[in-house]
Amino acid sequence: MMANTTNVCFEGMQGTSLSPSTEEHFNFLLQAVQAGEAHLQQDNDGKVQIVYENEKRIPLTHVDKSKAHTIQEGKTAEDVRIRVDVCLEMIEAIKETRTPSGVVIDRSKVQTSAQGKYEEGKQFERLQEVLGKGNCAGDIVVVKDNKTGTEHAVKTVMISEFSPDEVRAWVNLGESESFPSLYLFRLIDNKIVLHMEKIEHGVTLDDIINQHMANLWQKAPDLIRPFSLCMFHGLLSAVKEMHDKNWSHCDLHGGNVMMTKDTMTLKMLDFGMAKPLRQGFNFNHDGLKNDILNAIRLFCGLYIGQDFENNFVLEREIKSGTLKKTLLETSGLKESEKDELLQLIAMTYHVTQDPKQAGYGDTTPVLEHIEHTVYPDKMKDVLRKAAAILFPDYYYGARDIDLQARAEVTDGRGDREDEDKVDAFEFDLDAAAAAVPEELLNRLRISL
């Protein structure tokens, strides 16, 4: 009956003179209903509501998020009754839907027991390595699957802080090399546990900007421009891939982007704040703009060491024209490089401005500009030399200097002989680049 009523309503509306935006919304709704992705229903007051299939929620009569996952006490008899109803309603919903505790995404990396269990000491072992801390309920640790032999990172998030969109985005993006893979997620007590790809030999973009770029300026300033352009291309490529798959990252910063030393490619991390770009009639314009502005800020951090406080400050400088003055005051850049940088920033910022403009949100012209500027045949040489300079201890080894002795001198623990070694060390860029393993050279790439 509801379906028939819906069809009559649509037939009555067709042929009616509508504004372009209303017609677009109407056609979107019509397609969703015809595809079974949405339907119309009446609420208790008789008002018609649009219900999308992927937005069904357990109908709770009362929710107090501040008391989530706690044993609660009511202040009055009526309050106790409400809280009892809520708790029993949730228990009944779990019984009826027979909710699983988790899902294996990649069986080649994680193998559960025949009973669907994945337990420490049985299916996997925890290793001593700790990767760090995040916005989670404990350390990010490393475990090893006993059947596949795969080491993977494990992050734990309190369920009250967990967003289901994190997993949805991760699964959608899991086939791309620009993002780490998710192997398994599951619910344990009041925590969500995420088993994911362990990034070997990685360094964050923050570390590169704050620690390693000085080495490039000192030892090979001519590499600053092509290397920064390569990284900007990688950032925009990952952002574009997310946006093309209807996701915005919403938390893009240098700590959430990692370069792998063994491939010199970028991976975008942490989808805890990810949101869909389009939901029904709504489009997340702020999410799209902020992702692209954050990529511009990281690019500026690499290229000129300019740390804009936030996206608002960057956008203000772009709109007011003071960004040009900031660049003119930046030492070390040629005039042609400053002009190119301003052009790239303007091109990239322009795509975020008018949702009605052709090419809104599409950074393809910027990517193509970079591709024609830093030619593919030069890319390998650029990244090879950058690898030798940024990560000499990983690629160059101790061929010309005892790196341990060098570290001790830096720490003030070395002797005079060690200091002489360091003073006598002359960095030979060509030799260092030649020492980068051939296997690595075959994998060095930029997404063109």
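The values are calculated or read from the model by the stated rules, or taken from the named source; none is laboratory data. Since this is a predicted model, take the numbers as computed values, not measurements. In this analysis, Cβ positions are derived from the backbone assuming ideal geometry, glycine residues included, and neighbour counts consider all displayed protein chains.
Just to check your reading of the model, which residue among V86, V63 is within 23 Å of S163 (Cα to Cα), aliphatic (A, V, I, L, M) and at pLDDT below 75? Give the derivation first.
On the way: V86 fails: at pLDDT below 75.
That would be V63, the only listed residue that is within 23 Å of S163 (Cα to Cα), aliphatic (A, V, I, L, M) and at pLDDT below 75.
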*Answer yes if at least one residue in region 153-162 is part of a helix (DSSP H, G or I) and either among the hydroxyl-bearing types (S, T, Y) or closer than 30 Å to I389 by Cβ (or both), and no otherwise.*
no
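For region 85-111, how many residues are closer than 30 Å to G149 by Cβ and either in contact with a His (Cβ under 7 Å, 6 or more places away or on another chain) or in contact (Cβ under 8 Å) with a residue 40 or more places away in the chain (or both)?
Restricting attention to region 85-111, the residues satisfying the condition of being closer than 30 Å to G149 by Cβ are 100-111.
Narrowing the set further to residues that are either in contact with a His (Cβ under 7 Å, 6 or more places away or on another chain) or in contact (Cβ under 8 Å) with a residue 40 or more places away in the chain (or both) leaves 101-106, 108-110.
The qualifying residues number 9.
Pick out the one residue from T330, T352, T363, T348 that is more than 29 Å from Q211 (Cβ to Cβ), in contact (Cβ under 8 Å) with a residue 24 or more places away in the chain and β-branched (V, I, T). Show your work before the answer.
Values: T330 fails: more than 29 Å from Q211 (Cβ to Cβ); T363 fails: more than 29 Å from Q211 (Cβ to Cβ); T348 fails: more than 29 Å from Q211 (Cβ to Cβ).
Only one candidate qualifies: T352.
Could you check, for region 219-238, whether at least one of its residues is of a type in the set (D, E, K, R) and either within 13 Å of the chain's Cα centre (by Cα) or modelled with pLDDT of 90 or more (or both)?
So in region 219-238, the residues of a type in the set (D, E, K, R) come out as 219, 222, 225.
This time we only want the ones that are either within 13 Å of the chain's Cα centre (by Cα) or modelled with pLDDT of 90 or more (or both), so: none.
No, region 219-238 contains no residue that is of a type in the set (D, E, K, R) and either within 13 Å of the chain's Cα centre (by Cα) or modelled with pLDDT of 90 or more (or both).
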_Filter pass, S228 being buried (at least 19 other Cβ atoms within 10 Å of the Cβ), more than 26 Å from E200 (Cβ to Cβ) and not charged (D, E, K, R)_ = no
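Just the residues that are surrounded by fewer than 18 Cβ atoms within 10 Å (Cβ to Cβ) and in a helix (DSSP H, G or I), please, taken from region 282-301. Please lay out each step first, then the result.
Taking region 282-301 first, the residues surrounded by fewer than 18 Cβ atoms within 10 Å (Cβ to Cβ) are 282-283, 285-286.
H285, D286 - these are the residues of region 282-301 that are surrounded by fewer than 18 Cβ atoms within 10 Å (Cβ to Cβ) and in a helix (DSSP H, G or I).
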